[in-house]
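What follows is a short report on a single structure.
The values are calculated or read from the model by the stated rules, or taken from the named source; none is laboratory data. Everything numeric here is computed off the predicted structure, so don't read it as measured data. Here Cβ is always computed from backbone atoms with ideal geometry, including for glycine, and neighbour counts include all displayed protein chains. With ligands, DNA and RNA removed, areas are computed over all heavy atoms of the protein, side chains included. Shrake-Rupley method; radii C 1.70, N 1.55, O 1.52, S 1.80 Å.
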Amino acid sequence: FKLLPQEMTNPSRLLLLGTRIPAATLGREFCRRLVHGTREVRLPMKAGTELKSLAVCKGIDPPKVLERSEYPGWVNDLEKPLPSLAILRKIPNEEAEEKDILRYLKLSRRLAIRDRNEQSSV
């Protein structure tokens, strides 16, 4: 979505580009993320909070959030952003870890596919 910034400080006055739809109808949080980005600090849920949206089986209570220490260590790494292709290109091959090399290959292949698709559509 692109927004037409009539007043960037007031998300309720923003219009979606090419339409007359007020951005406020999309929701205040959605507009805030479009205007200001999504880099925000999210606090974890309190232990014992029921996850009602994950209650998919009848007759079974929904799962509850556990204490942070009860989860495996890799769960804490999920909130850290992964390195971008530009950052990975700067790392010398000798210093790169296996996960960095695999991510570099994945992102470079994805970029090559995107370029080929753009060239074939022209």
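Is the stretch 71-91 home to any residue that is open to solvent by less than 100 Å² (accessible area, probe 1.4 Å), within 30 Å of LYS52 (Cβ to Cβ) and modelled with pLDDT of 90 or more? Scanning the stretch 71-91 turns up at least one residue that is open to solvent by less than 100 Å² (accessible area, probe 1.4 Å), within 30 Å of LYS52 (Cβ to Cβ) and modelled with pLDDT of 90 or more.
Summed over the stretch 92-122, the residues that are outside any helix (DSSP H, G or I), among the hydrophobic types (A, V, I, L, M, F, W, C) and open to solvent by 80 Å² or more (accessible area, probe 1.4 Å) give a count of 1.
Is at least one residue of the stretch 60-67 open to solvent by less than 90 Å² (accessible area, probe 1.4 Å), of a type outside the set (Lys, Arg), modelled with pLDDT of 80 or more and in contact with a helix residue (DSSP H, G or I) (Cβ under 8 Å, 6 or more places away or on another chain)? Don't jump to the end; show me each part of the working.
Going residue by residue through the stretch 60-67, those that are open to solvent by less than 90 Å² (accessible area, probe 1.4 Å) are 62-63, 65-66.
Subsequent filtering for residues that are of a type outside the set (Lys, Arg) retains 62-63, 65-66.
Restricting the remaining residues to those that are modelled with pLDDT of 80 or more gives 62-63, 65-66.
From the residues that got through so far, the ones that are in contact with a helix residue (DSSP H, G or I) (Cβ under 8 Å, 6 or more places away or on another chain) too are 62-63.
Checked against the condition, which is being open to solvent by less than 90 Å² (accessible area, probe 1.4 Å), of a type outside the set (Lys, Arg), modelled with pLDDT of 80 or more and in contact with a helix residue (DSSP H, G or I) (Cβ under 8 Å, 6 or more places away or on another chain), the stretch 60-67 yields at least one hit.
Close contacts from the stretch 63-86, counting a first residue that is closer than 28 Å to ARG110 by Cβ and a second that is of a type in the set (D, E, K, R) and in a loop (DSSP other than H, G, I, E, B), with Cβ to Cβ under 9 Å and a gap of 6+ residues or different chains, come to GLU79/ARG42. In the set LEU107, LEU14, LEU102, only one residue is touching a helix residue (DSSP H, G or I) at 6+ places or on another chain (Cβ under 6 Å), of a type outside the set (D, E, K, R) and modelled with pLDDT of 95 or more; that residue is LEU107.
Take ASN76 and decide whether it is closer than 30 Å to MET45 by Cα and part of a helix (DSSP H, G or I). Walk me through it before giving the result.
On the way: closer than 30 Å to MET45 by Cα: yes; part of a helix (DSSP H, G or I): yes.
So ASN76 passes the test.
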